[in-house]
1. Using a Förster distance of 35 angstrom, determine the FRET efficiency expected from the C-beta separation of Lys61 and Gln24, and round it to 0.05.
2. How do Lys110, Lys88, Lys26, Lys61 line up, fewest other C-beta atoms within 10 Å first?
3. Pick out, from Asn38, Ala78, Gly94, the residue whose Cα sits farthest towards the positive end of the charge dipole of the stretch 37-114, with +1 on the Cβ of Lys and Arg and -1 on the Cβ of Asp and Glu.
4. If the chain between Asp52 and Ala79 were fully stretched, how many nm would it gain, using 0.36 nm times the residue separation less the Cα-Cα distance?
5. Test of understanding: ordering Ile47, Ile109, Ile67, Ile39 by Cβ neighbours within 10 Å, fewest first, what list do you get?
Amino acid sequence: MKPVKCWIEPRENFQLLEARNCLQMKCANVSAVDYHGNIVYRVGFKIGGGIDQDPSCAPFKYPDQGIYITHIDEDSPAARAGLRRHDKILSVNGLDFTLLTHERAVKYIKKYAVLDMLVARAELPALH
């Protein structure tokens with residue numbers, strides 16, 4: 001994991017998104033076939049949010065309409081890459097994820113075998 005400097009505006013009553021470092025990481029997906037016979041890629045996480053979603057109705061009450069990781073499957077490519085629940089996805093393979101609909105984000109993630117991701121996180125592990 002490569003630390004990258006970025007800043008997120010702090011919001012009231014939400015400590016997760018204060019100014020902090022971000023992580024850049026690669027996550028390799030596992031291929032699968034959907035019910036239409038198309039090859040899709042599974043990475044082992046679920047997302048919430050998007051510009052078409054109302055953040056006040058979301059179970060985690062994120063302060064904005066960004067794309068957030070809401071669940072990580074154990075022993076999945078996402079878990080092995082170091083992704084965590086509540087990471088905010090800023091970009092994937094160079095595409096800005098801060099202004100995407102939920103559906104477009106899901107389709108984009110399932111489309112690629114390798115995801116080069118930039119995520120924002122409240123805490124970073126100590127780098128040695």
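No value in this document is a laboratory result; all are computed from the given coordinates. None of these values were measured; they are calculated from a predicted model. So basically every Cβ, Gly included, is an ideal-geometry build from the backbone, and we count neighbours across all protein chains shown.
1. On the way: r = 27 Å, r/R0 = 0.77.
That pair, Lys61 with Gln24, gives E of 0.85.
2. On the way: Lys110 16, Lys88 23, Lys26 13, Lys61 10.
So the ranking, lowest neighbour count to highest, is Lys61, Lys26, Lys110, Lys88.
3. Looking along the dipole axis, the top candidate is Asn38.
4. Values: separation 27, 0.36 × 27 = 9.72 nm, distance 2.72 nm.
Roughly 7.0 nm would be gained on extension.
5. Numbers: Ile47 19, Ile109 23, Ile67 29, Ile39 11.
Neighbour counts put them in this order, fewest first: Ile39, Ile47, Ile109, Ile67.
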